[in-house]
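Scroll down for the structure; my scribbles are underneath it.
Taken together, the values in this text are just the output of simple stated rules run on the coordinates, not laboratory data. Keep in mind the model is a prediction, meaning the values are calculated, not measured. Cβ placement follows ideal geometry from the backbone for every residue including glycine, while neighbour counts extend to all protein chains displayed.
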Amino acid sequence: MDALLVQIDGIGFWTPGVPDWAAFKRALESGEILAIDATARPSPAALPPAERRRAPESVLIASEAAGQACAMAARDPATLAGIFTSTHGDLSITDAMCATLAADPRELSPTRFHNSVHNAPAGYWTVAAQCHKSATAISAAHGSFAAALIEAAVEVHAEGEPVLLVAYDIAARGPVAEVAPSALSFAVAFVLSLAREASTLLRLSLRSSARAANDDVPSSLARLASNPMAAQAVPLLAAIAARRRTTIELPAGDGTSLDVEVTP
Amino acid sequence: MPTRIAPLAITAFTATSALGQGRAAHADALGSDRGGLVPNDFTGASLPCAIGRVAGLESNVVPPAFAPYDCRNNRLAWTALVADDFLNAARAAIERYGAERVALIVGTSTSSIGATEEGYRTLDGDRLPEHLRRPALHTPHSPGLFLQAVLGTRGPCLTVATACSSSAKIFAKAERMIRVGLVDAAILGGVDTLCDSVLFGFNALELVSPEPCRPFDRARSGISIGEAAGFALVEREGDARAPRLVGYGESSDAHHMSTPHPEGLGARLALADALARAGLEPDDVDYVNLHGTATSKNDEVEAALLADVFPTRTRASGTKGFTGHALGAAGILEAVLTLLAMQEGVVPATLNSREAEPVCAAHLAIEREERAIRVALSNSFGFGGSNCTLAFAAGAAA
């Protein structure tokens, strides 16, 4: 494929114990094993107080990372089209909904049902941000992060406007956790725009690849790899944070990988 | 406003729904007012309502080579894929352009969650039963994984899951990927199957009608849920007779998770965006396939927008009385119905509806109308305030 070049205007980051991008950079530099309180939840300023209390965890972590990225980019969230991606969607809702349906389907809560759609984080975000731009929720299993980078870069180039990318997975619960494992919650967000050289650049090239992509999560951050989205994203995030000029190979689905050339 | 896009050729398309497998069954249904809704015989627990059910999925397993992906949703995807020789058309495109130059973009709402539901109904202790311990069945990208295994594409492959706009938005994704030069063609699929989540979920929201749905009827009482799958192959160039994707618009209501914006703001933005990309004025539009869920609120908002924007020479109808609301597959199913309406010169009836909402009565085809359709739109709106309008034009020699 032809390479797509974009720049990063803002980054948001959230995982229990590492509440923003600066904390992630500190954790990476320190080389110390991450301390993670798996019960922590963010309280995203982007959401109204009532939603901060009652919104599903996927909405909270996606909104937290998205809000941070927009603030760093100094972009009004209302002006940004969004690409939201998750490997598995909100596994907590999947677990609760399937358990209710198995026990007594007529007890299913209407709110839980409308929160179960894959685009719930995108929906809550656009309502809170009063954003009327396109928001798209996608998944590509363990190629979800690469797919979202491609899709966001395509929109940046096709529409000539910056795009918000939000990638997240929450911790899995219940019987579904065995087939969709995820041990903690993690979200990252980028504001991406057309490259102007003043910022970190990403050059994306998708290619056929016989072997699985093999960029590793740094050993001090190994615990993060128990989240499927972090396992996909952290090698690239570590390169960006360390301002390394390098090429990261991201898994992009069956027989393909995405080369991401990072120019700090 | 966006700039005008170059039209894309739709060189192959097909659908499977309660109306049958393939284009001929759908064209026949539209041409004879034959609906596919039947009393609910799907759910284990009683739920009196009408459903659009695809016959034969219980026994129509996917080929043995793809057995790990076997589930109701992927069976429906397979059933639709092999109709109208679509699979061979897709394979020929992959051969022509190279696997790396073809995108595979799938739209779904519930994916194969029916398999997860089944696992929870039949737990082995606190684990899913052994035959359902297959990760590819319990993830939103399940249809994308299955279809990529079947087709072998090596371009971008993703599943769009924005509730009921999912498989409309995939057309927008494809156009952009082709325009920026990432790929030369895209295989687009939408698939959603009946499952307890949606039947009892919409029931919990008090949106399921006890009778077959009646879009835009003054006495409408909610949706009927259906299952469907559809496919389209889009390329830069194609036979002059092939219909064209000429525009699309996407927007967000920014209003509520499951209630449309009261003035239809997001729908209006998507419509304006689609017309601008197509270089069309409302007066150019011959037919609008409405989202028309038959809920009180959706149809009220969409009817007002229709009446406000279009002249009465623009005909409109809702086809969910034929198929039920196919949710994540509705976008591509109704795109296919719109293309068939253009091909056959038929404005489909708004089946089951008898007395139109007064505001749109002058536009709405309650009964089938025979007339040439050169330019048509299809609306899809979903939870989360996700809106998409598609614009199509008939092929030059059609």
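Give me the mean projected area, in nm² to one decimal, of the convex hull enclosing the Cα positions of segment B:117-175. Intermediate results must be reported in sequence, preceding the final value.
Working: hull surface 21.6 nm².
Orientation-averaged projected area of the Cα hull: 5.4 nm².
Report Rg(Cα)/(2.2 N^0.38 Å) for segment B:8-393, keeping two decimals.
Working: Rg = 19.3 Å, N = 386, 2.2 N^0.38 = 21.2 Å.
Rg over 2.2 N^0.38 Å, computed on Cα atoms: 0.91.
Considering segment A:127-264, what Rg and Dmax in Å follow from its alpha-carbon atoms?
According to the Cα coordinates of segment A:127-264, Rg and Dmax are 15.4, 48 Å.
Residue separation times 0.36 nm, minus the C-alpha to C-alpha distance between A:Ser205 and A:Asp76: what's the value?
Here the segment from A:Ser205 to A:Asp76 would lengthen by 43.5 nm.
For segment B:24-132, what is the largest minus smallest coordinate of the Cα atoms on each principal axis, given in angstrom and ordered from greatest to least?
Per principal axis, max minus min of the Cα coordinates gives 50, 42, 23 Å.
Within a 10 angstrom radius of each residue's Cβ in B:252-261, how many Cβ atoms of other chains show up on average? Whole number is fine.
Per-residue shielding by partner chains comes out at 6.
Other chains near A:253-263: what is the mean number of their Cβ atoms within 10 Å of each residue's Cβ?
Average per residue, whole number: 3.
Rounded to the nearest 20 debye, what is the charge dipole size of segment A:1-45 about its Cα centre when +1 sits on each Lys and Arg Cβ and -1 on each Asp and Glu Cβ?
Numbers: 3 positive and 6 negative charges, 31 e Å.
With only Lys, Arg, Asp and Glu charged at Cβ, the dipole is about 140 debye.
Mean-square fluctuation check for chain B, GNM, Cα pairs under 10 Å: which of B:Asn387, B:Asn73, B:Asn88 is largest?
The residue that fluctuates most here is B:Asn88.
Give the dimensionless ratio obtained when the Cα radius of gyration of segment B:133-277 is divided by 2.2 N^0.38 Å.
Ratio of Rg to 2.2 N^0.38 Å for segment B:133-277: 1.23.
Say we join alpha carbon atoms closer than 10 Å with springs in a Gaussian network model of chain A; which of A:Ala146, A:Ala222, A:Ala252 then has the biggest fluctuation?
Of A:Ala146, A:Ala222, A:Ala252, the Gaussian network model singles out A:Ala222 as fluctuating most.
Counting pairwise Cα distances across the protein assembly as shown, what percent come out greater than 51 angstrom?
Across the protein assembly as shown, Cα pairs with separations above 51 Å total 5 percent.
Mind checking which lysines have their Cα closer than 16 Å to the Cα of B:Lys297? Skip sequence neighbours fewer than 8 apart in that chain.
The reachable lysines, counting only those whose Cα sits under 16 Å from B:Lys297, are B:Lys320.
List the GluC sites (Glu not before Pro) in segment B:155-233 that DSSP assigns to loop (not H, G, I, E or B) and whose Cβ has at most 11 other Cβ atoms within 10 Å. Which are they?
B:Glu206
Among A:Lys25/A:Lys133; A:Lys133/B:Lys173; A:Lys25/B:Lys169; A:Lys25/B:Lys173, which pairs are too far apart, with a Cα-Cα distance over 26 Å?
Distance filter (> 26 Å) returns A:Lys25/A:Lys133; A:Lys25/B:Lys169; A:Lys25/B:Lys173.
How about segment B:9-111: which trypsin sites (Lys or Arg not before Pro) there lie in a loop by DSSP and see at most 15 other Cβ atoms within 10 Å?
The qualifying sites are B:Arg34.
Under a point-charge model restricted to the Cβ atoms of Lys and Arg (+1) and Asp and Glu (-1), what is the dipole moment magnitude of segment B:187-263 relative to its Cα centre, in debye to the nearest 20?
Its charge dipole is roughly 260 debye.
Using just the alpha carbons, could you tell me how many Å³ per residue the convex hull of chain A encloses?
124 Å³
Could you state the angle between the C-alpha long axis of helix A:120-129 and the longest principal axis of the C-alpha atoms of chain A, as a value from 0 to 90 degrees rounded to the nearest 10?
Rounded to the nearest ten degrees, it is 80.
Using bins 5 angstrom wide from zero, how does P(r) for segment A:1-66 break down, in % of all Cα pairs?
Over segment A:1-66, the share of Cα pairs per 5 Å bin runs 3, 15, 21, 19, 15, 12, 8, 5, 1, 0 percent.
Using only atoms on other chains, find how many Cβ atoms lie within 10 Å of each Cβ of peptide B:278-289 and report the average. Don't jump to the answer; show the numbers that get you there.
Details: counts 0, 0, 0, 0, 0, 0, 0, 0, 0, 0, 0, 0.
Taking all residues of B:278-289 together, the mean is 0.
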